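Engineer: Okay, here's the structure, questions in a sec.
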Ligand SMILES: Nc1ncnc2c1ncn2[C@@H]1O[C@H](COP(=O)(O)OP(=O)(O)OP(=O)(O)O)[C@@H](O)[C@H]1O
Ligand SMILES: [Mg+2]
């Protein structure tokens, strides 16, 4: 782990984000050290997706700042890859799996330049990695939910980023796929990448992650799983009923 | 064919292609109605431009009218953002207002404006060859040919340069944003191109029919392909086809050219909608019927494999043992026989070796949750499909 490196992968100061002037995230401070595999946990509507979107500049915060490796996100676009929570694309778009994965290479191409053989090869490798090679020519609406999720993971992989932001990558996938995805994530961390994953299954947090952030409208706690993943923080985040939340998942 | 006839067809074809390209992206962005709004709302822009330039093909007029189009889009978005009304309502509020201003402007000045409502609605393609472009005294062709030709050239250039950006921002705005391509910029670029195209096509096909040229070719192509590039090519093809076929239809019927083009487009859409190989009404119907029959066949084969006792395999008892409500026992039995999967002796049905093999393999796929592989299995074993 590279937790000792000086510049954090992501540093968030006093971040407040609102929809139609109604704040859903209040005054968040968060430091994500480079090289961690971090879970963001919190109840539905806690603002987890919003936080990720704010990091990516998809939503403009009304206060505060986000820095990626010490600079504003806009200057670090090529260092960050994002796997959205399902449902944010047009599934009936005339495009096939391979094509979608290739879109991950557009960032490194910049404006106007078109993808070529090199990009195609990288996309095929990524598809292979997530076990979706045989589906490369499928129209994306004809894939199952878990398969779609893998395609978006492959798309993030070809971005060859330093930081990966993933919004519930395990939502609706079977146990085998979940294991396959987590292995890929762990391998990325070994390569020194930083991974931030919105995660709902509290039981698997200690097994999958080494860092955790508790979020519920405000930042509750953030740090190594072994130090802060405890009843106290869970209660603060989920209220007295957090054990119900654990049992449900 | 006279040269005027040729020129009309050429103009019609260029208009069709110029409309089909932005149309493809508008359809994919589910913004078909916006083109309707633009095509009506540019009218005041055109009338004002006409007062100033006295020339329907003047670049200044096109610019003025196109700005009106983009302003319309912004107005619609502004009203929508207030959250008080939905997008279609916002469109319905904006464009009739602007359109009626245009109509009033024409009516008030009917004497000194050579514009009439009919032409505004339906265009005057038949007259296009009479308005010539003169360069240094010599005739280089109809003005509208040059106008729409230039617009098309710009459209194609932009499409080739920014295909990737357009595609990405249409498919996944979020990723486009995070990768540093500005979807907002691309959105307004597309709106500008659409507005300019509508203005350029207006003269030829009018406000109502230009919408059909924008939407129908793309909607038709959408039914036929999973590939954006092919969809673009097909849209253009349908547009060109409608231009030529529409022209000759108008000739035969002595009707409006633009009206005939639209009729052809509507007809082509209907044909494709019914007969498209994958998504067409008929093919979906037949495919479902085939699937239903083949599933029954599989159920039937599994039943035969599970039951050695002959009373379970007697032809007359099959109806009771399997749920055959939807498909007649006889058709399934025939299908099994035709494919040499079963044999019948003394009214007792049994699996052949081939049937045994097929059933074993299918069963393996079913239990391992790889049901898609059965399709491929059927291709290997079946001589006749259901
Ligand atoms: N586009 C939007 N407009 C208005 N409010 C929104 C919008 N998106 C989210 N919200 C609100 O912001 C709050 C945070 O939403 P967010 O999607 O970030 O939650 P989340 O933690 O990701 O929840 P989940 O676990 O259900 O995915 C919620 O109260 C939600 O209702
Ligand atoms: Mg969420």
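The values are calculated or read from the model by the stated rules, or taken from the named source; none is laboratory data. Nothing here was measured: the structure is a model prediction, and the numbers come from that model. Cβ atoms come from the backbone with ideal geometry, glycine included; neighbour counts cover every protein chain shown.
Engineer: Among the residues of region B:121-156, which ones are assigned to a helix (DSSP H, G or I) and within 25 Å of the chain's Cα centre (by Cα)?
Structural biologist: B:121, B:122, B:125, B:148, B:149, B:150, B:151, B:152, B:153, B:154, B:155, B:156
Engineer: Can I ask one more? Before we move on, is residue A:165 in a strand (DSSP E or B), more than 16 Å from ligand 1 (Cβ to nearest atom) and in contact (Cβ under 8 Å) with a residue 40 or more places away in the chain?
Structural biologist: Criteria not met by residue A:165.
Engineer: Do the conditions hold for residue A:156, that is, is it part of a helix (DSSP H, G or I), within 14 Å of chain B (Cβ to nearest Cβ) and within 27 Å of residue A:13 (Cβ to Cβ)?
Structural biologist: Yes, satisfied.
Engineer: Separate question: Would you mention how many residues in region A:48-57 are near ligand 1 (Cβ under 10 Å from one of its atoms) and in contact with a helix residue (DSSP H, G or I) (Cβ under 9 Å, 6 or more places away or on another chain)?
Structural biologist: Of the residues in that region, 1 qualify.
Engineer: Can you spot a residue in region A:60-81 that is within 16 Å of ligand 2 (Cβ to nearest atom) and touching a residue at least 24 places away in the same chain (Cβ under 8 Å)?
Structural biologist: Scanning region A:60-81, I find no residue that is within 16 Å of ligand 2 (Cβ to nearest atom) and touching a residue at least 24 places away in the same chain (Cβ under 8 Å), so the answer is no.
Engineer: Out of all the residues in region A:174-229, which are within 14 Å of chain B (Cβ to nearest Cβ) and more than 16 Å from ligand 2 (Cβ to nearest atom)?
Structural biologist: A:174, A:175, A:176, A:177
Engineer: Further question: Only one residue in A:80, A:68, A:96 is crowded, with 16+ Cβ neighbours inside 10 Å, away from every other protein chain (no Cβ under 11 Å) and either modelled with pLDDT of 95 or more or touching a strand residue (DSSP E or B) at 6+ places or on another chain (Cβ under 7 Å) (or both). Which one?
Structural biologist: The match here is A:68.
Engineer: Condition (residue is within 11 Å of ligand 1 (Cβ to nearest atom), in contact with a strand residue (DSSP E or B) (Cβ under 8 Å, 6 or more places away or on another chain) and part of a strand (DSSP E or B)) applied to region A:29-45: is it met by at least one residue?
Structural biologist: Yes: one or more hits.
Engineer: So, one more: Select from region A:110-140 the residues that are within 10 Å of chain B (Cβ to nearest Cβ), within 23 Å of the chain's Cα centre (by Cα) and either crowded, with 22+ Cβ neighbours inside 10 Å or at pLDDT 90 or above (or both) and list them in ascending order.
Structural biologist: Of everything in region A:110-140, just one residue is within 10 Å of chain B (Cβ to nearest Cβ), within 23 Å of the chain's Cα centre (by Cα) and either crowded, with 22+ Cβ neighbours inside 10 Å or at pLDDT 90 or above (or both), namely A:140.
Engineer: Restricting to region B:212-267, what's the tally of residues that are in a loop (DSSP other than H, G, I, E, B), away from chain A (no Cβ under 12 Å) and at negative phi?
Structural biologist: 2
Engineer: Related question: Taking residue A:15, is it under 19 Å from the mean Cα position of the chain (by Cα), within 16 Å of ligand 1 (Cβ to nearest atom) and surrounded by 14 or more Cβ atoms within 10 Å (Cβ to Cβ)?
Structural biologist: yes
Engineer: Which residue is farthest from the other protein chains (Cβ to nearest Cβ), if the candidates are limited to region B:148-175 and must be at pLDDT below 90 and in contact with a helix residue (DSSP H, G or I) (Cβ under 7 Å, 6 or more places away or on another chain)? Walk me through it before giving the result.
Structural biologist: Filtering region B:148-175 for residues at pLDDT below 90 gives B:173-175.
Filter once more, keeping what is in contact with a helix residue (DSSP H, G or I) (Cβ under 7 Å, 6 or more places away or on another chain): B:173, B:175.
On the way: B:173: 8, B:175: 6 Å.
Among those that are at pLDDT below 90 and in contact with a helix residue (DSSP H, G or I) (Cβ under 7 Å, 6 or more places away or on another chain), it is B:173.
Engineer: Suppose the filter is in a helix (DSSP H, G or I), closer than 20 Å to residue A:224 by Cα and either touching a strand residue (DSSP E or B) at 6+ places or on another chain (Cβ under 8 Å) or more than 16 Å from ligand 2 (Cβ to nearest atom) (or both); does residue A:151 pass it? Give the steps one after another, and end with the answer.
Structural biologist: Details: in a helix (DSSP H, G or I): yes; closer than 20 Å to residue A:224 by Cα: no; either touching a strand residue (DSSP E or B) at 6+ places or on another chain (Cβ under 8 Å) or more than 16 Å from ligand 2 (Cβ to nearest atom) (or both): yes.
The answer is no for residue A:151.
Engineer: Another one. If only one of A:113, A:120, A:74, A:60 is under 25 Å from residue A:34 (Cα atoms) and away from ligand 1 (no atom under 16 Å from the Cβ), which one is it?
Structural biologist: Being under 25 Å from residue A:34 (Cα atoms) and away from ligand 1 (no atom under 16 Å from the Cβ) holds for just one of A:113, A:120, A:74, A:60, which is A:74.
Engineer: Filter region A:19-57 for residues that are within 14 Å of another protein chain (Cβ to nearest Cβ), more than 16 Å from ligand 2 (Cβ to nearest atom) and more than 17 Å from the chain's Cα centre (by Cα) and give the result.
Structural biologist: Selection gives A:20, A:21, A:22.
Engineer: Return the residue satisfying two criteria in turn: it lies in region B:75-87 and is at pLDDT 85 or above, away from chain A (no Cβ under 14 Å) and in a helix (DSSP H, G or I), and of such residues it is surrounded by the most Cβ atoms within 10 Å (Cβ to Cβ).
Structural biologist: Filtering first and then ranking leaves B:76.
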